Amino acid sequence: MNLSITLGPEVLAAATAIDPSLRGDIRSDHAGEMGAVMIYRGVLAGSRDPSVRSFALAHLATEQRHLTIVEALLPREQRSLLLPLWRIAGWLTGFLPAIVSARAVFATIEAVETFVDRHYEDQIRKLPASGAAGSLRGVLLTCQADEVHHRDEARALRGAPCGLALRLWTSLVAAGSAAAVVAAKRL
Ligand SMILES: [Fe+2]
Ligand SMILES: [Fe+2]
């Protein structure tokens, strides 16, 4: 695959900005985008609801694009050693709400994307706007904008405020996402 055609010059420039101090951050981004792809695969495995499936298919395409981008930023040997765990955790994070209800799916995605928006924001704030780091900043801003769109779409589709059970579940999802980032930065 010719990455310069697939990913564009800004991603190739961004890859040159990944020095050792940024590897942990990008490793966590890669783990997160892998998890996101698996969330939507889990949703598609668990739901027959047409509105949920069309939502999941559209988001899956975006997350696969994000994953291709972060794969270009991080060589294979620097990726998280825990990827099999992130894959399983992601799949369950999509599958479990999908077998409950459409609302549970949308609330879950809202919780995940609320976390991911802040996660990208923390990294973007650390990067200067020019040079190779500026290219990396631009790539992360593009991903963040997609995640914010996902969050807002999920929030609108979720509708009325969540009940206690769903609030407990989405708190667990947010806490799990935070723990996964901490672990993926190191391992
Ligand atoms: Fe993403
Ligand atoms: Fe997303």
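Laboratory data are not the source of any read-out in this text; all were calculated from the coordinates shown. Since this is a predicted model, take the numbers as computed values, not measurements. Here the Cβ positions follow ideal geometry from the backbone for every residue, glycine too, while neighbour counts run over all protein chains shown.
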(message) Just the number: Rg to Rh for the stretch 29-81, Cα atoms, Kirkwood Rh, two decimals.
(response) 1.08
(request) Rounded to whole Hz and in sequence order, give me ³J(HN,Hα) for the stretch 114-127 from the Karplus expression 6.51 cos²θ - 1.76 cosθ + 1.60, θ = phi - 60°, writing x for Gly and Pro. (result) 4, 5, 5, 4, 5, 4, 5, 4, 4, 6, 4, 5, 7, 9
(request) Mind giving me the nanometre distance, one decimal, between the label points for Ile99 and Leu83, set 7 Å out from Cα along Cα→Cβ? (result) 2.7
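Given the DSSP H assignment, sum -39500 (n - 2.57) over each helix run of at least 4 residues in the chain and divide by its residue total; what's the result at 222 nm in deg cm²/dmol, nearest 500?
Numbers: 8 runs with 155 residues, N = 187.
Helix-only estimate at 222 nm: -28500 deg cm²/dmol.
Placing +1 at every Lys and Arg Cβ and -1 at every Asp and Glu Cβ, with all other atoms neutral, what dipole size does the stretch 25-153 have around its Cα centre, in debye to the nearest 20?
Values: 14 positive and 16 negative charges, 59 e Å.
So the dipole magnitude of the stretch 25-153 works out to roughly 280 debye.
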(request) In nm, give the distance between the simple-model label positions of Arg186 and Ser54, each being 7 Å from the Cα along the Cα-to-Cβ direction. (result) 4.5
(request) Mind sorting Val37, Val139 by how few other Cβ atoms lie within 10 Å of their own Cβ, fewest first? (result) Val37, Val139
(request) Kindly provide log₁₀ I(q)/I(0) values, in the same order as q = 0.14, 0.15, 0.17 Å⁻¹, from the Debye equation applied to equal alpha-carbon scatterers of the chain. (result) -0.74, -0.84, -1.06
(message) What is the angle, in °, between the Cα long axis of helix 50-73 and the longest principal axis of the Cα atoms in the chain? Nearest 10 is fine, range 0 to 90.
(response) 20
(request) For Arg65 paired with Ser171, estimate the spin-label separation in nm (one decimal), with each label point 7 Å from Cα along the Cα-to-Cβ line. (result) 3.6
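Taking the Cβ of Arg155 as the center, what net charge do the other residues with Cβ under 10 Å away carry, scoring Lys and Arg +1 and Asp and Glu -1? Before the final figure, lay out each step's value.
Values: positive: Arg151, Arg158; negative: Glu110, Glu113, Asp152, Glu153.
Residues near Arg155 contribute -2 overall.
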(request) Loop only per DSSP, at most 16 neighbouring Cβ atoms within 10 Å: give me the trypsin sites (Lys or Arg not before Pro) in the stretch 20-69, ordered by residue number. (result) Arg48
(request) Could you list His149, His30 in order of exposure, starting from the residue whose Cβ has the fewest other Cβ atoms within 10 Å? (result) His149, His30
(request) Give me Lys126, Lys185 ranked fewest to most by other Cβ atoms within 10 Å of their Cβ, as a rough exposure proxy. (result) Lys126, Lys185
(message) I want to verify a result. In a Gaussian network model of the chain, Cα cutoff 10 Å, which of these has the top mean-square fluctuation: Ala58, Ala72, Ala154?
(response) Ala58
